[in-house]
Ligand SMILES: NC(=O)c1ccc[n+]([C@@H]2O[C@H](COP(=O)([O-])OP(=O)(O)OC[C@H]3O[C@@H](n4cnc5c(N)ncnc54)[C@H](OP(=O)(O)O)[C@@H]3O)[C@@H](O)[C@H]2O)c1
């Protein structure tokens, strides 16, 4: 940890990623975390990025950043297929890791990542900014508190239009595809609501000419009774919505990552069995998801597991197993059973 007067957690970023800019600006006002350095495979790019974002340190390789003793933790926003390798290397270097979603593209990778974190005595978590938001915490409280009875069905969707052919999301060798990018959100929301991983999944996809899934829908069956459906697409208008339906009520939400003060997140609750509602608005504070997530990550390191609001290691392993199974089902056309 930082021994100078400034006790903020010192975060180093692997890769001059687009999302790293949003992360840096999100945490800029934090009193507990700060971004201290950025590493790129190209030192000029690292310097330009550092200048543009006000970050102090710039490195021309990821290895150099991991070797810096003045870095406490790593934020990993590399392409999805590099999450496992570089998060494990960060753990080996004794750094705590906040890794972008999806933590891994297979369940096996996710398990290996958590094993590395345990071996090296560091904290590793998957970043889902929406999970640190008051609306997600409230949704979890409502569901687990029985506000809508036993959850029977849920539908969660996320999509937008992506046309940039050079984007990593359309590159099959980098872990691209609508599921691994957008589908991670509805899959993780389903895991949050279900409290367990699905036992069986079945998926259909439309494929982009690059080979990645461009639009995908999947059904998931859970031992506890929940039947869930998710959809994700790079070929639709921007949308992000979820409907969670139980034996005694329903919740609808936009479960956003970030909620500008002038656009509060939608979280609505209908109690009872009547057909036409009403849905009552649940007031939840608006905030930047990256800041909330990074501050929760800092509390997790300093104070322990009860202070982390995001996905637990079990949840992240389940999410990775589910994503892997859904993709296998979409490719094979067969339902896939996920081992207990
Ligand atoms: N939580 C969220 O709200 C959110 C939003 C968007 C994205 N994400 C996640 O963040 C990650 C990055 O997304 P992004 O849109 O920011 O990606 P991006 O702009 O393409 O950045 C990825 C970075 O990875 C580095 N990299 C290393 N090897 C690479 C390779 N072979 N090809 C391309 N880049 C390579 C590059 O940095 P250098 O060239 O500097 O080394 C590049 O800038 C993804 O995992 C995505 O799922 C999360």
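The values are calculated or read from the model by the stated rules, or taken from the named source; none is laboratory data. Predicted model, so just to flag it, every value in this text is computed and none were measured. Positions of Cβ are backbone-derived with ideal geometry, glycine not excepted, and every protein chain shown enters the neighbour counts.
Points worth noting:
- Selection status of residue 82, surrounded by fewer than 23 Cβ atoms within 10 Å (Cβ to Cβ) and farther than 20 Å from residue 308 by Cβ: yes
- Of the residues making up region 286-336, those that are outside any helix (DSSP H, G or I) and surrounded by 13 or more Cβ atoms within 10 Å (Cβ to Cβ) number 10.
- Some residue of region 136-159 being in a loop (DSSP other than H, G, I, E, B) and within 16 Å of the ligand (Cβ to nearest atom): no
- Search result, residues across region 5-46 that are over 21 Å from residue 122 (Cα atoms) and more than 11 Å from the ligand (Cβ to nearest atom): 5, 6, 24, 25, 27, 28, 29, 30, 31
Let's see how each residue does on (1) touching a helix residue (DSSP H, G or I) at 6+ places or on another chain (Cβ under 9 Å); (2) closer than 18 Å to residue 230 by Cβ; (3) in contact (Cβ under 8 Å) with a residue 12 or more places away in the chain:
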residue	(1), (2), (3)
276	no, no, no
287	yes, no, yes
310	yes, no, yes
318	yes, yes, yes
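- Residue check for residue 99: within 13 Å of the ligand (Cβ to nearest atom) and either touching a residue at least 40 places away in the same chain (Cβ under 8 Å) or under 23 Å from the mean Cα position of the chain (by Cα) (or both): yes
- One residue alone among 131, 111, 150 is over 26 Å from residue 270 (Cα atoms) and at pLDDT 95 or above, and that residue is 111.
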